[in-house]
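Below: one structure, written as structure tokens.
The values are calculated or read from the model by the stated rules, or taken from the named source; none is laboratory data. Being a predicted model, the structure only gives us computed values, none of them experimental. Please note: Cβ atoms are built from the backbone with ideal geometry, for glycine as well, and neighbour counts cover all protein chains shown. These area figures cover heavy atoms from the full protein model, side chains too; ligands, DNA and RNA do not enter into them. Shrake-Rupley method; radii C 1.70, N 1.55, O 1.52, S 1.80 Å.
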Amino acid sequence: MEQQQQNSHVLLLPLPSQGHFTPMLSLAQLLCHAGIHVTFLITEHSQSLFTQREALSARFPTLHFESMPDGLPPDHGRKFSALHEVGASLRSTIKPFLRELLISLTKKDDETSNDGSTRRRLPPLRCMVIDGIFMCFAIDVAEEVGIPIFALRTTSACSFWCYTCIPDLIQQGQLPFQDEDMDQPIRDIPGMESLLRRRDLPSFCKMPIDHPTFKFFVEEFEAITRVSALILNTFDDLESPILSHIATRFPKIYTLGPFHALLKSRIGDDLSSSASSLRHQDRRCMTWLDSQQLRSVIFVSFGSLVKLTRVQLLEFWHGLIDSGRPFLWVVRSDMLWSEQEAHATPVELEVGTKERGFIAEWVPQEEVLAHKAIGGFLTHSGWNSTIEGIWAGVPMLCWPQIADQPVNSRWVGEGWKIGLDMKDTCDRSTVEKMVRALMEEGDRSEQIFKSVNTFAKLARHAVREDGSSYKNLEKLIDDVKKL
Ligand code: UDP
């Protein structure tokens with residue numbers, strides 16, 4: 001057993017963006033905890049933002065970090081929102097570096113570098129796990145070098161399945177849209193026949209199908225079918241009907257979610273869940289939350305990538321103040337589309353915020369959601385945020401913008417009925433009404449609260465020793481050790 005553990009070595013390749021970095025780092029810790037060696041390959045830029053690297057290396061002796069250039073010029077801003085540029089640059093520049101690294105890590109003996117130093121004594125590499133979006137170029141390299149490759153998709157199963165069915169929608173003539181009616185139902189995604197409308201499809205579906213971005217995504221979905229196994233941050237009781245559809249195309253799927261909860265259940269220290277933050281967390285909000293009443297606060301966070309115009313920001317702000325609820329709002333320094341858009345704040349908003357608001361640049365979100373003062377979550381429906389909200393049993397109000405978010409929010413509102421979908425609108429009166437509908441007493445809010453708490457209980461069960469995610473992790477660990 002011990003021998004087998006020492007021989008296992010996996011390389012993980014995350015996309016350098018918070019919502020992808022966090023689940024991949026959780027996976028790294030879960031594998032290391034089982035004695036597996038993990039090489040975690042990140043860009044030099046992410047490495048410079050990743051303050052907990054040394055603490056994690058000390059906590060997990062089999063965790064090894066490697067860094068790589070991202071191919072962008074030094075003066076490139078590398079804003080988190082420029083993900084496409086970072087992805088494109090990695091795709092076009094990093095293959096030779098990756099090939100060399102894989103070859104050197106698969107060798108049995110220590111290697112002497114050009115400068116005479118000896119490269120670490122690690123067991124030979126057995127497998128690579130890539131992020132399943134933007135990183136599919138690595139599949140070619142793994143195939144050349146002869147290493148099995150798994151993909152971690154950081155989205156929900158339902159949005160992943162939707163992506164997978166896009167080529168079928170094109171064939172059936174449902175894409176591109178023939179007119180502007182965004183409420184037309186989408187009928188041909190198995191398992192979601194009466195659920196989705198055009199407006200609920202992934203954001204790039206609104207582009208012409210010969211647009212380079214559209215083409216790129218379709219190529220990525222085709223490429224990912226070449227991986228040996230798929231790892232998903234979801235749990236069976238939440239998405240099993242859709243998972244069985246995915247299983248018709250991906251015979252090996254490991255559902256390990258919610259990752260952050262599985263990590264707590266397996267490892268259980270504070271470092272493991274907070275370690276992945278690439279931004280400074282303002283913890284003063286926790287003291288502010290302590291002073292608020294039970295389930296009274298609406299938490300507002302649009303993740304790490306979504307951007308707003310100043311008009312949208314002001315509409316949200318008015319709506320929140322007009323709802324009369326205390327609010328905790330994450331307003332990132334890079335959240336406005338244009339920095340020139342920053343102007344003086346209207347006095348009534350300043351006064352209202354002082355009375356019952358707290359604005360922070362970045363917060364410890366998992367902890368915030370678990371705080372007893374939180375009664376609702378106004379979210380962009382990024383998958384990490386959604387599954388963190390489910391775990392915490394917090395009803396959601398969804399304002400999706402990009403990528404998989406419109407699919408997730410539809411499932412939140414109409415599939416699982418654990419929130420309300422405010423898709424495509426954010427005028428102040430809608431924000432006010434929806435916050436009230438979510439947080440004020442009534443049959444609908446009660447029903448939503450019950451449903452999200454039912455899923456929260458199922459999520460708790462999934463990460464316990466006899467739960468599906470816990471057992472699937474055991475299976476993944478066994479399978480990796482056998483490679
Ligand atoms: N997050 C955080 N603090 C914040 C806002 C977000 O720690 O103030 C974390 C959040 O807990 C989640 C991640 O950032 O794990 C965002 O991922 P998600 O998939 O929700 O959205 P993305 O940023 O990819 O759009």
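Failed condition for Thr255, given (1) within 14 Å of the ligand (Cβ to nearest atom); (2) open to solvent by less than 40 Å² (accessible area, probe 1.4 Å), with all others met?
Going through (1) within 14 Å of the ligand (Cβ to nearest atom); (2) open to solvent by less than 40 Å² (accessible area, probe 1.4 Å) one by one, Thr255 breaks only (1).
Kindly provide the set of residues from the range 403-422 that are aliphatic (A, V, I, L, M), free of Cβ contacts under 8 Å to residues at least 60 places away in the same chain and outside any helix (DSSP H, G or I), ordered by number.
Of everything in the range 403-422, those that are aliphatic (A, V, I, L, M), free of Cβ contacts under 8 Å to residues at least 60 places away in the same chain and outside any helix (DSSP H, G or I) turn out to be Ile418, Leu420, Met422.
Please determine whether any residue of the range 314-326 is on the phi > 0 side of the Ramachandran plot and at pLDDT below 95.
No; the residues of the range 314-326 include none that is on the phi > 0 side of the Ramachandran plot and at pLDDT below 95.
Residues Phe177, Phe217, Phe235, Phe259: which one is under 19 Å from the mean Cα position of the chain (by Cα), of a type in the set (Phe, Trp, Tyr) and more than 30 Å from Ser89 (Cα to Cα)?
Exactly one residue qualifies, and that residue is Phe235.
Can we say Leu56 is more than 21 Å from Phe137 (Cβ to Cβ), of a type in the set (A, V, I, L, M) and within 16 Å of the ligand (Cβ to nearest atom)?
No, not satisfied.
Give, as residue ranges, the helices (runs of 4 or more DSSP H) completely inside the range 280-399 that count at least 2 residues that are away from the ligand (no atom under 13 Å from the Cβ), over 19 Å from the mean Cα position of the chain (by Cα) and surrounded by fewer than 22 Cβ atoms within 10 Å (Cβ to Cβ).
Ranges flagged: 284-290, 310-323, 347-356.
So Val10 passes all but one of these: (1) closer than 22 Å to Phe97 by Cα; (2) within 16 Å of the ligand (Cβ to nearest atom). Which condition number does it fail?
Val10 satisfies all of (1) closer than 22 Å to Phe97 by Cα; (2) within 16 Å of the ligand (Cβ to nearest atom) except (2).
Regarding the range 103-115, can at least one residue be identified that is closer than 30 Å to Gly35 by Cβ, surrounded by fewer than 18 Cβ atoms within 10 Å (Cβ to Cβ), at pLDDT 90 or above and not polar (S, T, N, Q)?
Yes: one or more hits.
Scan the strands (runs of 3 or more DSSP E) fully inside the range 1-97 and keep the ones with 1 or more residues being open to solvent by 10 Å² or more (accessible area, probe 1.4 Å).
By residue number, 37-43, 63-68.
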